[in-house]
Amino acid sequence: MFVQILDEYKNRTEYRMLKGFYNCQIANLDALQKGVLVLPGILLNRIDKEQLNLLNIWLKDSSNQLILIPTWIEMNLKNFFDSSIDILITKTDSSFDKIPVDYKIEATVKDIIFQQDGKIFSVNYRRNTGTGLITVVTLPLLDYRLIQFEYKLKNLFDSLFQVDVSAQESTVEIKNFALNDIHIYLIILLGAQVDLVNQMSKKIKKYFGVTVDEETAMGMYKDLVAHQYINVDGLTNKGMDIVKEKKLKPFIQVVKKRGEKEDGWI
């Protein structure tokens, strides 16, 4: 499966992050294919009426899904789409599972994807069964500044798709062994050449905001050695396959860049 992004805005930060997660195809609004289009919500105020009309025509096909993501400004999506209800994007000072959120959704829809403390952060809207799906999300799923949450954000983004994305499962099972989040964090750190000889748990906490004791972290590290994902030199070919399969390269690059800055290399 591939995700479509708009050619005119292909260099936006959100799209660069998205390219690390999924296979992306650059497209124009007058030549969209069937499938998924990801669009930062703020761009709705920048495209002209003709382009907006093309987007609404594309959404008349029930097999298409538009995913609207941050960056946002306050708006009513009813002003842009063929909607029978108001879908308001309004400012908030909230969080979702410790992830800071700046905007929430106010709408009388039944299909709510993410909500917490009475505030809605993602919904699905379809005018009727014969039209395309509009998925609205205000969680900052493609924000490079949230490196400590990025693996979690990737999993949240996976859940937005209304198609079978078999290559994007949250765990990779091999001979009764499943890679969990801590295994993945260690693979990212090793890919970024972070020294894990000492204080492994502190480095997991530093880069991912996850608390784990040293004994557990060491046990996870030994799992990776035993199943040949890593060795004394770092990631093995098997480990690199996981980097490709799980699309972890953006995480590795961000961790490496952060380490270089803190060490005074750049």
Under 16 Å from Lys60, Cα to Cα: lysines that are on another chain or at least 8 residues apart
Lys34, Lys78
Global form of region 173-262, assessed from the alpha-carbon gyration tensor, a/c cut-off 1.5:
oblate
Please give me, ordered by residue number, the GluC sites (Glu not before Pro) of region 1-106 that lie in loop per DSSP and have at most 13 other Cβ atoms within 10 Å.
Glu74
Step through the residues of region 96-111 one at a time and calculate ³J(HN,Hα) from phi using the Karplus curve (6.51 cos²θ - 1.76 cosθ + 1.60, θ = phi - 60°), rounding each to whole Hz and writing x for Gly and Pro.
10, 6, 6, 8, x, 10, 9, 9, 10, 10, 10, 6, 8, 10, 8, 8
Quote the relative contact order of the chain in percent (integer), defining contacts as alpha-carbon pairs under 8 Å separated by 6+ residues.
14
D_trans [Stokes-Einstein, Kirkwood Rh over alpha-carbon pairs] for region 1-116, 20 °C, 1.002 mPa s, µm² s⁻¹:
140
Take every DSSP beta bridge with both residues inside the chain and express the antiparallel ones as a percent of the total, to the nearest 5.
60
Estimated inter-spin distance, Arg258 and Glu214, nm [label 7 Å along Cα→Cβ]:
2.2
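Which chymotrypsin sites (Phe, Trp or Tyr not before Pro) does region 180-266 hold that lie in a coil by DSSP with at most 13 other beta carbons within 10 Å?
Trp265
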Hey, what do the phi angles of region 145-154 turn into as Karplus ³J(HN,Hα) couplings, whole Hz, using 6.51/-1.76/1.60 and θ = phi - 60°, x for Gly and Pro?
6, 9, 4, 5, 10, 5, 5, 5, 5, 4
Calculate the dipole size of the chain relative to its Cα centre from +1 charges on Lys and Arg beta carbons and -1 charges on Asp and Glu beta carbons; express the result in debye to the nearest 20.
240
Out of all DSSP beta bridges with both ends in region 52-147, state the antiparallel percent to the nearest 5.
80
Taking only DSSP H segments of four or more residues, each worth -39500 (n - 2.57), what value at 222 nm results for the chain once the sum is divided by all its residues, to the nearest 500 deg cm²/dmol?
-9500 deg cm²/dmol
Highest mean packing first, using Cβ neighbours within 10 angstrom, the peptides 136-143, 149-156 sort as 136-143, 149-156
Site Asp158, offset 7 angstrom along Cα→Cβ, radius 15 Å on amide nitrogen, limited to region 1-31, gives 1, 21-23
Trypsin sites (Lys or Arg not before Pro) within region 1-93: DSSP coil, no more than 16 neighbouring Cβ in 10 Å
Lys10, Lys34, Arg46, Lys60
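Tell me, what is the percent relative contact order of region 176-252, built from C-alpha pairs under 8 Å that lie six or more residues apart?
On the way: 57 pairs, mean separation 24.4, N = 77.
In percent, rounded to a whole number, it is 32.
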In the chain, if every C-alpha pair distance is counted and binned at 10 Å from zero, what percent goes to each bin?
6, 28, 32, 21, 11, 3
Express the C-alpha Rg of region 62-118 as a ratio against the empirical globular expectation 2.2 N^0.38 Å, rounded to two decimals.
1.20
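Each reported figure results from applying straightforward, stated rules to the coordinates on display, with no laboratory input. Note that the coordinates shown come from a computational prediction; the quantities given were computed from them, not determined experimentally. Reconstructed Cβ throughout: ideal geometry from the backbone, glycine too, with neighbour counts over all protein chains shown.
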